[in-house]
Amino acid sequence: GDFQDPPELGNQFLDDPALQSVLQRLIPNTVMKEIRPDLVRFGARCGGELNEQGRLCEQNPPTLVQLDGWGKRVDKIVTCDAWKKMKETSAVEGCIATGYERKQGEHSRLFQFAKLLMFGPSSGLFNCPLAMTDGAARLCEVLLQRRDLDTEVEGALKTAWDHLTSRDVNQFWTSGQWMTERGGGSDVAQGTRTVAVQEGTQGSVYRLYGHKWFTSATDSDIAITLAKIAKPGGEIGRLACFLVRVRDEQTGQLNNIKVDRLKSKLGTRQLPTAELQLCGTRAHLLANNGISSIAHLINVTRIYNSVAAVGGMQRALALQRSYVHKRRVFGKLLADTPAHMETLRGMEVEYGGALCLVMEVVRLMGKQEVDKASEDEILLLRLLTPLTKMYTGKQAVAVASESLEAFGGQGYIEDTDLPRLLRDAQVLPIWEGTTNVLAHDVLRVMHKSKGAAFSLFCSTVYSKLTGVNSRSGCIVVAPCVSAVQQAVKQLATFVEQAGSSQLTRLSRYLSFAMARVFTACLLLEHATWSDAKQDWDTADRWVHCSAPLLPSPLSHFLAAPAPAKL
């Protein structure tokens, strides 16, 4: 009988005009000319051999061997050869090193994350340990700038940083992130019960005792974790940040760590995630201010989460674009079916918006790390990081779901490898802060800056719209600019009129609106630069045909009559 041909992946860089165009706008021609050959080469790998290795990681998930043949507790996490090869690939390709070698200056992060965007869906989820590795590297880099560092701590930080940023497969380390305990993951200040006891009477070495409920990439070489320092007399002090070597350097044995079990998860099954007992685990105290210290790490991992979301959308689109030229329904190809192609175009619009938003955050990140960002840009980055992570995580799930539906019944069959798109996407709105947690973080930035962050957001939007208006004569510009300006005015009115309780209650909708408005500006800005018909159509659809710029709960609040005064 007849068999349906499956979708095929090509070069994940050359087959993505949107990614090429955004990079061309954000990166100078001289730099782009230098890095383009590497992006083309790596795009081919991601659509070929690496994707096959990623599939092997899915088919051969990690397992836990707790006891050896003689009953001795060994707690060995066994991963497949393909997973190990992903670590080697990450080192050789400079998946972390590129961001810290900074050969492209402020544009190094754009180069790095363009590669990670393509690599993520092919990596068998190895982009997750890479996220925590990069976050740990950034934390080490920031802490090494302190002048009051203990010599022992400085040595531990420098050793870790050298390994985390290495291109040598024999030297490259990955890092885990052990924050979540039984009390939960977001409120670590209250939820952390792990205790750190100083080894001896002075120095930076401590022993950790506690239970970590959810530890990602548990097979990593090191981990960044939190614990509360035990003071003399038994009193428990403040939350502090520690660096743990997972295994003893000489023996290779676990560092007084017991692995209770591997987590059984909806998705991300390729990735070892475990519950651990810390039974006197040796660790270096990095900083007494645990919360503010890990912020350097969390900001990086949130951006990785956003890039993973965009990468997932890119992969779903790549598969769909191939499939529409292979699948015939009612006598014609899907590519010739207007309703199907309109659905695909809607997915492309979501991807285009997310891509512009994420790459703008990456651009600001790159500038900040080489001390070229202004105070306003640093504040804007602080605001956009949770906004972007929050919104793109939601987008990724919606696009993955739409993509599976577009494949029909085959989208629901596990051995097509398609359902993984949705299962792995669902972690993105959860990891590193759920939607409501991130929305509260947005409010926190606004409050801590005494309104300056929101004012900057509004002024940046108006400035970008002014530039769009002055440089383009495209017919869609005026109505798009008018709609976005109106949305910003309504946002400002809401923030001004809503009380503290209302802002908190509706914070997710405020954040959604801010993300959509800012993305609209970026899409219009990009279309003005490229003057391509497809880009103008994307911007116009984002403003007028996609989800409303202002979610209905905010519109309802603004439309409600003011309470009568007695």
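Structure values in brief
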read-out	value
Principal axis dimensions, largest first and in whole angstrom, of region 129-216 by Cα	38, 34, 22
DSSP-loop GluC sites (Glu not before Pro) across region 223-309, with at most 14 other Cβ within 10 angstrom	Glu235, Glu249
Overall Cα dimensions of region 428-507, principal axis frame, Å, largest first	41, 32, 19
Gain on full stretching of the segment that runs from Thr434 to Gln190 - 0.36 nm per residue minus C-alpha separation	86.1 nm
Degrees, to the nearest 10: 290-323 long Cα axis against longest axis of the chain	50
For the chain, alpha-carbon Rg and Dmax in angstrom	24.3, 81
√(5λ) per eigenvalue of the Cα gyration tensor, region 160-210, largest first, Å	27, 19, 8
Burial order of peptide ranges 8-15, 332-339, 172-179 (average beta-carbon count within 10 Å, highest first)	172-179, 8-15, 332-339
Region 63-143: relative contact order as a whole-number percent, Cα under 8 Å and 6+ apart	20
Zone residues, region 516-544, relative to Asn29, backbone N less than 20 Å from point 7 Å out along Cα-to-Cβ	526-532
Flagged links, alpha-carbon separation over 26 Å, of Lys87/Lys115; Lys115/Lys326; Lys84/Lys212; Lys85/Lys367; Lys115/Lys367	Lys115/Lys326; Lys85/Lys367
Quotient of C-alpha Rg and 2.2 N^0.38 Å, computed over region 367-496	1.37
Percent carbon-and-sulfur accessible area, region 232-342, ignoring ligands, DNA and RNA, probe 1.4 Å	50
Space enclosed by the convex hull of the alpha-carbon atoms of region 33-99, per residue, Å³	96
Cα-derived Rg to Rh of region 216-305, Kirkwood definition	1.00
Per-pair calculated FRET efficiency, R0 = 22 Å: Asp68 and Gln277 via Cβ, rounded to 0.05	0.75
Length released on extending from Arg147 to Arg41, taking residue separation times 0.36 nm less the Cα-Cα span	33.9 nm
Apportionment of accessible area to carbon and sulfur, region 62-209, percent (1.4 Å)	48
Relative contact order of the chain, pairs being alpha-carbon contacts under 8 Å that are 6 or more residues apart, as %	13
Per residue value of the accessible surface for region 196-256 (all protein chains in place, 1.4 Å probe), Å²	47
5 angstrom amide H check on Thr281, placed H, neighbours 5+ away	Leu208
In sequence order, calculated HN-Hα J values of region 168-175 (Karplus, 6.51, -1.76, 1.60; Hz; x Gly/Pro)	7, 4, 7, 10, 5, 10, 10, 10
Solvent-accessible area of Leu383 with every protein chain in place, 1.4 Å probe, in Å² to the nearest 10	0
Mean Cβ count within 10 Å, highest first, over the residues of peptides 349-355, 150-156	349-355, 150-156
For Arg269, solvent-accessible area (1.4 Å; no DNA, RNA or ligand), Å²	100
Full-stretch length increase - Gln410, Arg471 - with 0.36 nm per residue and alpha-carbon distance subtracted	17.3 nm
Computed helical MRE - 222 nm, the chain, DSSP H runs ≥ 4 contributing -39500 (n - 2.57), nearest 500	-18500 deg cm²/dmol
Relative contact order %, region 462-566, counting alpha carbon pairs below 8 Å whose residues are six or more apart	36
Solvent-accessible ranking of Asp134, Asp417, Asp248, Asp376, largest area first, probe 1.4 Å	Asp376, Asp248, Asp417, Asp134
Built amide H within the under 5 Å cut-off of Leu286, gap 5+	Cys241, Phe242, Leu243
Residue-wise HN-Hα coupling along region 515-523, computed from phi with Karplus coefficients 6.51, -1.76, 1.60 (Hz; x: Gly, Pro)	5, 5, 5, 5, 5, 4, 4, 5, 5
Value in Å of the Kirkwood radius, where region 341-407 supplies the Cα pairs that are averaged	13.2
Average silhouette area of region 82-196, convex hull of alpha-carbon atoms, in square nanometres	9.2
Nearest 10 degrees, 0 to 90: helix 127-143 Cα axis against the chain principal axis	70
Calculated P(r) of region 475-564 - Cα pairs past 16 Å, %	54
Sulfur and carbon atoms: percent of accessible area, region 368-418 [1.4 Å]	48
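The values are calculated or read from the model by the stated rules, or taken from the named source; none is laboratory data. For clarity, every value in this text was computed on a predicted model and none was experimentally measured. Heads up, the Cβs are rebuilt from the backbone with ideal geometry, glycines too, and the neighbour counts pull from every protein chain shown. Just the protein is used for accessible areas: all its heavy atoms, side chains included, with ligands, DNA and RNA removed. Shrake-Rupley method; radii C 1.70, N 1.55, O 1.52, S 1.80 Å.
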